[in-house]
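The values are calculated or read from the model by the stated rules, or taken from the named source; none is laboratory data. All values reported here derive from a predicted model rather than from experimental measurement. Quick reminder, even Gly has a Cβ in these numbers, built from the backbone with ideal geometry, and neighbours come from all protein chains shown. Quick note on the areas: whole protein, heavy atoms, side chains included, nothing else; ligands and nucleic acids left out. Shrake-Rupley method; radii C 1.70, N 1.55, O 1.52, S 1.80 Å.
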Amino acid sequence: MLDSAQKLIRDAGGKLGLGDEQIEALISTNAEHKFEIALTNGEKYQAFRVQHNNKRGPYKGGIRFHPQVDYDEVRALATLMSFKTAVSGIPMGGGKGGVAVDPKKLSEEALEELSRKYVKGLYKNIGPDKDVPAPDVNTNAKIIDWMVDEYEKQTGDKTKASFTGKSIENGGSLGRDAATGRGGVIVLREILNKLSINGPITIAMQGWGNVGSYFALISEADHADWKLVAATDSSGGRYDTAGLSAKELDKYKKSRGRLVEFKKGKEITNEDLIGLDVDVLVLAALEDAVNNDNQPKIKAKLILELANGPVTYDAYRSLSGRDIIDVPDILANAGGVVVSYLEWVQNKKSEQWPEDRVNRELENYLAKAADKVYMRMKKENIPLKEAAFAEAIVKLTS
Ligand code: NAD
């Protein structure tokens, strides 16, 4: 993922006429923190926070608890965050953090201790005007609430603006849960409109988690002519050319857990879903889901990257050569960070906005961002993905 992100930055920077030094400055990180967390039960874990770029505002990005967390992954995700905040037009920078741990193996007490010790190790380097972390894979509002409490204990800061993704009772924003999926719907609608694809479309989607489920539910509610024909989770999933109900799938997933056992449509594997003859392929699960091995199978006209880094660089180049449009993560999944920024603004002003205000602001940021990226694609005659990186680079270097 780091390699793919850096190649995209080099491509876009080169076309904009940036010299090698300027490009390397965009790629390099401002600060990297690594420390060990020792729990009272004797277990030890490596913890990271990478602060990539703060030219446009405080570093912003999630904290991931996962056994495979390492410097390269955190660097890649921090880099993508700087480009995501820039392309979406919010005044924040990019950072990312993580702990190499499987939180499912920890007791509730150990998880709280780990979360608090992460903040104890880092509090001098983060804060409302310095670096504002958020949840990511395997972290949630409960963990963030512990972290905010610990930050307050260490520093006395009571604004709650030190972290986003808090519970609503603790200063979180309404609309945050659905924001990334909702943002994906806004971006897809804008790009389809600009491409004059106004008629009915078919969609296949990989990944039915937070992002994918909200994307499917909001699509179904707002766009009667978008037909979801296939959906999978890690177990595989279902395919029905007549269309699947997102509401029914979501209810099933929440109560039973495995989409492959859903009763309607026929069974489909994740690999077969990638090759379906649909208008839009939505990737809402994993990085590198589309790669050199499976990209020749793709028949979709457009890919919407709701996951981070779901298409490798080489696969993207091949897809561009076949005129398949790849709507990049830094635009397609920016809804989450936009609403995180809106949460931070609400905390700073001691306000709590109604959900429709949050959604309106999200709509404004992303519709504008999609427009700018599309206009750049047309003007420069470059792929949409490269246009998004170029748009971000212009903002990061001006
Ligand atoms: P999640 O854990 O809620 O859901 C992930 C989904 O992917 C689950 O349904 C899981 O079953 C499925 N999955 C796992 N392996 C799979 C496989 N091999 N094939 C098909 N499906 C598989 O996670 P999420 O919060 O929805 O995040 C999904 C992606 O979106 C991640 O890349 C994440 O970094 C990215 N993202 C999330 C947000 C956010 O606000 N949650 C914001 C930006 C980007």
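If you go through region 110-130 one residue at a time, do you hit one that is within 24 Å of VAL211 (Cα to Cα), open to solvent by 10 Å² or more (accessible area, probe 1.4 Å), touching a residue at least 12 places away in the same chain (Cβ under 8 Å) and outside any helix (DSSP H, G or I)?
Scanning region 110-130 turns up no residue that is within 24 Å of VAL211 (Cα to Cα), open to solvent by 10 Å² or more (accessible area, probe 1.4 Å), touching a residue at least 12 places away in the same chain (Cβ under 8 Å) and outside any helix (DSSP H, G or I).
Let's see how each residue does on (1) open to solvent by 70 Å² or more (accessible area, probe 1.4 Å); (2) within 15 Å of the ligand (Cβ to nearest atom); (3) closer than 30 Å to TYR365 by Cβ; (4) in contact with an Asp or Glu (Cβ under 6 Å, 6 or more places away or on another chain):
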| residue | (1), (2), (3), (4) |
| --- | --- |
| ILE191 | no, no, yes, no |
| VAL211 | no, yes, yes, no |
| TYR214 | yes, yes, yes, no |
| SER234 | yes, yes, no, no |
| ASP250 | no, yes, yes, no |
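Can you name every one of the strands (runs of 3 or more DSSP E) wholly within region 254-320 that holds 3 or more residues which are within 26 Å of ALA12 (Cα to Cα) and open to solvent by less than 20 Å² (accessible area, probe 1.4 Å)?
In region 254-320, 280-283, 302-305 are the strands (runs of 3 or more DSSP E) which contain 3 or more residues that are within 26 Å of ALA12 (Cα to Cα) and open to solvent by less than 20 Å² (accessible area, probe 1.4 Å).
Could you look through region 360-398, keep only residues that are among the polar types (S, T, N, Q) and part of a helix (DSSP H, G or I), and pick out the one that is farthest from TYR316 (Cα to Cα)?
Checking each candidate, the answer is ASN364.
So ALA161 clears everything in (1) over 27 Å from PHE389 (Cα atoms); (2) hydrophobic (A, V, I, L, M, F, W, C); (3) assigned to a helix (DSSP H, G or I) except one condition, right? Which one?
Of everything listed in (1) over 27 Å from PHE389 (Cα atoms); (2) hydrophobic (A, V, I, L, M, F, W, C); (3) assigned to a helix (DSSP H, G or I), ALA161 misses just condition (3).
What number goes with the only condition from (1) under 30 Å from VAL327 (Cα atoms); (2) away from the ligand (no atom under 14 Å from the Cβ); (3) not hydroxyl-bearing (Ser, Thr, Tyr) that ASN138 does not pass?
Just one mismatch for ASN138, condition (2).
Output yes when any residue across region 179-186 is out of contact with any strand residue (DSSP E or B) (no Cβ under 7 Å at 6 or more places or on another chain) and without any contact (Cβ under 8 Å) to a residue 40 or more places away in the chain, and no when none is. Steps first, answer last, please.
In the first step, residues of region 179-186 are kept if they are out of contact with any strand residue (DSSP E or B) (no Cβ under 7 Å at 6 or more places or on another chain); the result is 179-183, 185-186.
Now narrow it down to the ones that are without any contact (Cβ under 8 Å) to a residue 40 or more places away in the chain: 185.
Yes, because at least one residue in region 179-186 is out of contact with any strand residue (DSSP E or B) (no Cβ under 7 Å at 6 or more places or on another chain) and without any contact (Cβ under 8 Å) to a residue 40 or more places away in the chain.
Looking at (1) in the same structural domain as ARG64 (by TED's automatic domain parsing); (2) under 18 Å from the mean Cα position of the chain (by Cα), which is the only condition GLY212 fails?
(1)
Restrict the check to region 337-347 and report whether at least one residue is open to solvent by 10 Å² or more (accessible area, probe 1.4 Å), modelled with pLDDT under 95 and either of a type in the set (D, E, K, R) or not assigned by TED's automatic domain parsing to the domain that holds MET81 (or both).
No, there is no match, as no residue in region 337-347 is open to solvent by 10 Å² or more (accessible area, probe 1.4 Å), modelled with pLDDT under 95 and either of a type in the set (D, E, K, R) or not assigned by TED's automatic domain parsing to the domain that holds MET81 (or both).
Just to verify a result, which residue in region 253-279, among those that are within 27 Å of VAL187 (Cα to Cα) and touching a helix residue (DSSP H, G or I) at 6+ places or on another chain (Cβ under 7 Å), is farthest from the ligand (Cβ to nearest atom)?
Ranking the candidates gives GLY275 first.
Yes or no: PRO67 touching a Lys or Arg at 6+ places or on another chain (Cβ under 6 Å) and away from the ligand (no atom under 12 Å from the Cβ)?
No; evaluated as a whole, the condition is false for this residue.
Looking only at residues that are under 17 Å from VAL282 (Cα atoms) and part of a loop (DSSP other than H, G, I, E, B) in region 220-232, which one is least open to solvent (accessible area, probe 1.4 Å)?
That would be HIS223.
Quick check on SER235: is it assigned by TED's automatic domain parsing to the domain that holds GLU190 and at pLDDT below 95?
So SER235 passes the test.
I'm trying to understand the selection: among the residues of region 322-356, which are of a type in the set (Gly, Ala, Ser) and more than 15 Å from the ligand (Cβ to nearest atom)? Walk me through it before giving the result.
Going through region 322-356, the residues of a type in the set (Gly, Ala, Ser) turn out to be 332, 334-336, 340, 350.
Listed by number, the list holds a single entry, SER350.
Quick one: which residue in LYS349, LYS368, LYS385 is in contact (Cβ under 8 Å) with a residue 12 or more places away in the chain and out of contact with any helix residue (DSSP H, G or I) (no Cβ under 7 Å at 6 or more places or on another chain)?
Every option except LYS368 fails the conditions.
Quick one: which of THR202, THR159, THR155 is outside the structural domain of GLN68 (by TED's automatic domain parsing) and surrounded by fewer than 24 Cβ atoms within 10 Å (Cβ to Cβ)?
Being outside the structural domain of GLN68 (by TED's automatic domain parsing) and surrounded by fewer than 24 Cβ atoms within 10 Å (Cβ to Cβ) holds for just one of THR202, THR159, THR155, which is THR202.
Only residues that are over 30 Å from GLU363 (Cβ atoms) and aliphatic (A, V, I, L, M): list them for region 58-112, please.
Those that are over 30 Å from GLU363 (Cβ atoms) and aliphatic (A, V, I, L, M): VAL69, VAL74, VAL99, ALA100, VAL101, LEU106, ALA110, LEU111.
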